[in-house]
Structure formats: structure tokens, C-alpha cells
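Taken together, the values in this text are just the output of simple stated rules run on the coordinates, not laboratory data. The structure displayed is predicted, hence computed values, not measured ones. Counting neighbours? That spans all protein chains shown, and the Cβs are built from the backbone with ideal geometry, glycine included.
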Amino acid sequence: MEALDNILNRVSSRELSLPHPSTEEMALVYKAALRAPDHAWLRPSSFIEVKGDGLNKLSKVFEDYALTIPNIEEFRVNKYKEAPFRAPMIVVLVNTFTEHPKVPAIEQKLSTAAAAQNIMLCLNAQGYGAIWRTGKLAFNETISKNLGLNPNQEILGFLYIGTNSGKNKKIPDLDIDNFVTVL
């Protein structure tokens, strides 16, 4: 796939099924992720790959968190519990903050966000779909702790990955003049 076509035509996939990328394909994905901008070579990005029985483990982590929410309705607990099964593979985006005089925390998070975009572009180039999900499950100290993360680490999202099995969203034509100011 041509590089510009890949960038201009990538969309988030809401319906994902098997197959998911192979170990070899994911090695390329992670190499692409680690090419993201990284001021001072701090390497703030790491990833937790979840597939197979790992989806059951992540489901249990989500369910355990849901049960800590006061007065939560049973359907919501089930929604959290079922979330990992929306795709055959998930990559958890982990940002590790390192104290540095020239690289603030936000810049380290932005590096992990750029790594996530590289992952999605690499997956798209290989014919796979992905969607980046955040929300309560991502920005959550309890889930971070239950996944074994250290206090200086946080989850920036979950990339749900597989083969696109739904309709692609229509890419809107955007007038770049509405988004660009030239000084």
C-alpha cells in the first residue's frame, strides 16, 4: 500500500473478527510503534498484547473494576466484562513517565500517542483493522494496578485489533482551510 494512501484512507474499524495479525506481523507493528518521536530517547511507550486466554484475563480485570463502582447496575458490569471480546486482539498502550528536566510528562504521553498512530497505520498497511478506545477503562489507576503497572505508568488506551468485518466509515471531505491558519 502506498504510504500516503495508507494515511489518507485509514479509518477506525468498529467490527473486528479473526484473523488477527501473526507474531511476525506484530513484530513489524511494534518496530513501527517504536519509530515514534521520542525526545531524549526516554522510550516511554510499551505495550501489553492481549489475545486468546488473555482476553478472559482482561475481562476479569474489567469486571473486578466494575464491581468496585457503587450501585452499578448488572448490565453495566456485563458491559465491562464483555468489552475485551469486541476484537480478537487488544494492545494496551502503556506510557511510562521518566523524570527529565527537558521532557515533561505530556511530551512523553504524546510520544506514546504517536506510537499508537504508527501501530494503526502499520496494521492498516497489512490489511488489518483497529480502533483506539479510551474512557473509564483506560484512564484508571485500579485497572493499571491490576495489570501490574508501576505508579509511574499509565494506560493511554486500548487498541482493538483484527480483520475488519463491518462497513468502513465514509471518510468525509474536509476543507483544510477550516483547520489551517497561515501566518
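Based on other C-beta atoms within 10 Å, arrange Phe97, Phe179 from fewest to most.
Phe179, Phe97
Can you give the charge dipole size of the stretch 79-183 about its Cα centre, rounded to the nearest 20 debye, using +1 on the beta carbon of Lys and Arg and -1 on the beta carbon of Asp and Glu?
It comes to approximately 500 debye.
Among the lysines, which have Cα under 30 Å from the Cα of Lys169 when same-chain residues fewer than 8 positions away are ignored?
Reachable lysines: Lys31, Lys51, Lys79, Lys81, Lys109, Lys136.
Which peptide among 46-53, 75-82 comes first, and what is the full order, when sorted by highest mean count of other Cβ atoms within 10 Å?
Values: 46-53: 16.4, 75-82: 14.1.
Taking the mean over residues of other Cβ atoms within 10 Å, the ranking is 46-53, 75-82.
Just how large is the dipole of the chain about the Cα centre, in debye to the nearest 20, putting +1 at every Lys and Arg Cβ and -1 at every Asp and Glu Cβ?
Dipole about the Cα centre, nearest 20: 260 debye.
Which of the peptides 154-163, 99-108 is most tightly packed, and how do the rest follow, judged by the mean count of other Cβ atoms within 10 Å per residue?
Numbers: 154-163: 22.4, 99-108: 12.9.
Taking the mean over residues of other Cβ atoms within 10 Å, the ranking is 154-163, 99-108.
If you take the Cα atoms of the stretch 18-68, find Rg, then find the Kirkwood Rh from the mean of 1/r over all pairs, what is Rg/Rh? Don't jump to the answer; show the numbers that get you there.
Values: Rg = 15.1 Å, Rh = 13.5 Å.
Computed over Cα atoms, the ratio is 1.12.
Which whole-angstrom value gives the distance between the alpha carbon centres of the stretch 21-74 and the stretch 160-182?
24
Kyte-Doolittle cut-off -1.0, length cut-off 27 Å along the helix's own axis using Cα: show which whole DSSP H helices in the chain pass.
105-125
Each residue of the stretch 151-156 in turn: what ³J(HN,Hα) in whole Hz from Karplus with 6.51, -1.76, 1.60 and θ = phi - 60°, glycine and Pro shown as x?
3J(HN,Hα) across the stretch 151-156, in whole Hz: x, 8, 10, 8, 8, 9.
Calculated FRET efficiency, Asp5 and Lys136, Cβ-Cβ r, R0 35 Å, to nearest 0.05? If you can, show how the numbers build up before the last one.
Values: r = 35 Å, r/R0 = 1.01.
The computed FRET efficiency comes out at 0.50.
So what are the radius of gyration and Dmax for the Cα set of the stretch 39-131, in Å?
16.5, 47
Given a 10 angstrom Cα cut-off, can you work out which residue in Pro84, Pro21, Pro172 is the most mobile in a GNM of the chain?
Comparing Pro84, Pro21, Pro172 in a Gaussian network model of the chain, the most mobile one is Pro172.
From the phi angles alone, apply the Karplus equation (6.51, -1.76, 1.60; θ = phi - 60°) to the stretch 170-180 and give each ³J(HN,Hα) in whole Hz, x where the residue is Gly or Pro.
These are the phi-based 3J(HN,Hα) values: 6, 7, x, 7, 10, 7, 4, 5, 7, 10, 10 Hz.
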